Every structure is written in structure tokens, then in C-alpha cells.
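The values are calculated or read from the model by the stated rules, or taken from the named source; none is laboratory data. Small disclaimer: the values here were computed from a predicted structure and weren't measured. Cβ: placed from backbone, ideal geometry, glycine included. Neighbour counts: every protein chain shown. These area figures cover heavy atoms from the full protein model, side chains too; ligands, DNA and RNA do not enter into them. Shrake-Rupley method; radii C 1.70, N 1.55, O 1.52, S 1.80 Å.
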Amino acid sequence: MERTDKESYYLDIAETVLERSTCMRRKYGALIVSNDEIIATGYNGAPRGRKNCNDLNYCTRERLQVPSGERYELCRSVHAEANAIISAARRDMVGATLYLVGVEVTGGYIEGVTPCAMCRRLIINAGITRVITRVDKREYQTTHVRDWIYNDDTLAERVGTIG
């Protein structure tokens, strides 16, 4: 039997974490690893003490027909990456790797899964250096966080408008 490589091992754990997700559309699991040690995990769900979408039996963004990737402020959930970062101390995250897996509730991996703009900012400030996302069961993609810093997509000339 062939031994699983480290990236797949940690992605498999992140995939198990996403099973706790309470989102009715997409489930995400995140894992922060530093020096080959798991620092924190996170999945997407409502803030502690608030009702989850699956408890309410509706998704606000779905009811309002909000397209995927837009109007995150209407979502009840805290993203998996944010929940993992909230659960860890920055001193433990500096130089760490964040593993992220996303699946559609209807089945299948989310194509091109990547942290949203807000989560990217959190990842940068946490000091995480790499983000590894699952493409499929055998394939993954590595993103170096420094690329998000150097290619700042929040600058006016990149966004396309100047106030």
C-alpha cells in the first residue's frame, strides 16, 4: 500500500472537518499546519450562539437569489478559513500553511476553490505563507500568500474604478 503524501493527508483532514459545516449550499473545511503540527481547524457556519442555515431550513442568499461569490455580508456563516484563524494564536500561524477543501452540498469538489478577498486579508495578516486547495481527490494547488501581497487586487487600478 502506497503512503499518502503530506499535502493529501492534511487535505483529507480538512475534508473531514467540512462535514461539520452547516451551510446549505457549500461546505468548506480549513486546517492550519505549522511545523507538521495541526494548529487549528475551521468550517463554515453561523457564529456561536446563532442559528445555522440548516437549523432555519433556508439560506438568506439563496432566498434573495444572490449569485455565488457576491454579497457575502448577507451570509449567516463565518468562513472556514476565518474560523480556523480565530482559533489560533498569530505566533503559531506565522510561516504556517492553510489547507482548504470545498464541496458542493449536491456533491463534488468546488472547481477553483480559493479564499474570498476578506479571507485573503485575514490569511495575510495571520502570517500564513501558503494555501493549499484540493482540486480533486488526487490533485491539489499551492498558492503562495506573497503573490496576494505583491499582486494586490484591492488597488483602484486593479479593481477598475477610481473614486
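Of all the criteria given as (1) in contact with a Cys (Cβ under 6 Å, 6 or more places away or on another chain); (2) part of a loop (DSSP other than H, G, I, E, B); (3) within 14 Å of A30 (Cα to Cα), the one not satisfied by E81 is (2). Pairs are defined by a Cβ separation below 8 Å, a sequence spacing of at least 6 or placement on different chains, a first member in segment 140-163 that is closer than 16 Å to C116 by Cα and part of a loop (DSSP other than H, G, I, E, B), and a second member that is open to solvent by less than 60 Å² (accessible area, probe 1.4 Å) and modelled with pLDDT of 75 or more; the pairs so defined are D153/A117; T154/A117. Among the numbered conditions (1) at pLDDT below 90; (2) open to solvent by 80 Å² or more (accessible area, probe 1.4 Å); (3) within 16 Å of the chain's Cα centre (by Cα), the only one that T106 does not meet is (3). K51 - would you say it is out of contact with any Lys or Arg (no Cβ under 6 Å at 6 or more places or on another chain) and under 24 Å from R91 (Cβ atoms)? Answer is no for this residue.
So that you can scan it fast, the table gives a plain yes or no per residue for (1) within 25 Å of R130 (Cβ to Cβ); (2) of a type in the set (A, V, I, L, M); (3) open to solvent by less than 70 Å² (accessible area, probe 1.4 Å); (4) part of a helix (DSSP H, G or I):
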| position | (1), (2), (3), (4) |
| --- | --- |
| T16 | yes, no, no, yes |
| E19 | yes, no, no, yes |
| K27 | yes, no, yes, no |
| I32 | yes, yes, yes, no |
| G42 | yes, no, yes, no |
| V66 | no, yes, yes, no |
| E70 | no, no, no, no |
| R76 | no, no, no, no |
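Within the bounds of segment 99-120, is there any residue that is more than 21 Å from L31 (Cα to Cα) and in contact with a helix residue (DSSP H, G or I) (Cβ under 9 Å, 6 or more places away or on another chain)? The answer is no; no qualifying residue exists.
From the list Y9, Y28, pick out the single residue that is of a type outside the set (D, E, K, R), in contact with a strand residue (DSSP E or B) (Cβ under 9 Å, 6 or more places away or on another chain), closer than 27 Å to I124 by Cα and modelled with pLDDT of 95 or more.
None of the others qualify; the one that does is Y28.
Cβ separations smaller than 8 Å between residues 6+ apart or across chains give the following pairs from segment 71-88 residues that are without any contact (Cβ under 8 Å) to a residue 40 or more places away in the chain to residues that are among the aliphatic types (A, V, I, L, M) and open to solvent by less than 40 Å² (accessible area, probe 1.4 Å): L74/V66; R76/A46; V78/A46.
Given G112, G95, G127, which one is surrounded by fewer than 15 Cβ atoms within 10 Å (Cβ to Cβ) and closer than 17 Å to D36 by Cα? It would help to see each step written out before you state the result.
Numbers: G112 fails: closer than 17 Å to D36 by Cα; G127 fails: surrounded by fewer than 15 Cβ atoms within 10 Å (Cβ to Cβ).
Just one listed residue meets the conditions, G95.
Taking R63 as the residue in question, decide whether it is farther than 16 Å from C119 by Cβ and either more than 14 Å from the chain's Cα centre (by Cα) or polar (S, T, N, Q) (or both). Judged against the criteria, R63 is a match.
Do we have K6 as farther than 21 Å from T97 by Cα and either open to solvent by 40 Å² or more (accessible area, probe 1.4 Å) or among the hydroxyl-bearing types (S, T, Y) (or both) here?
So K6 does not fit the description; no.
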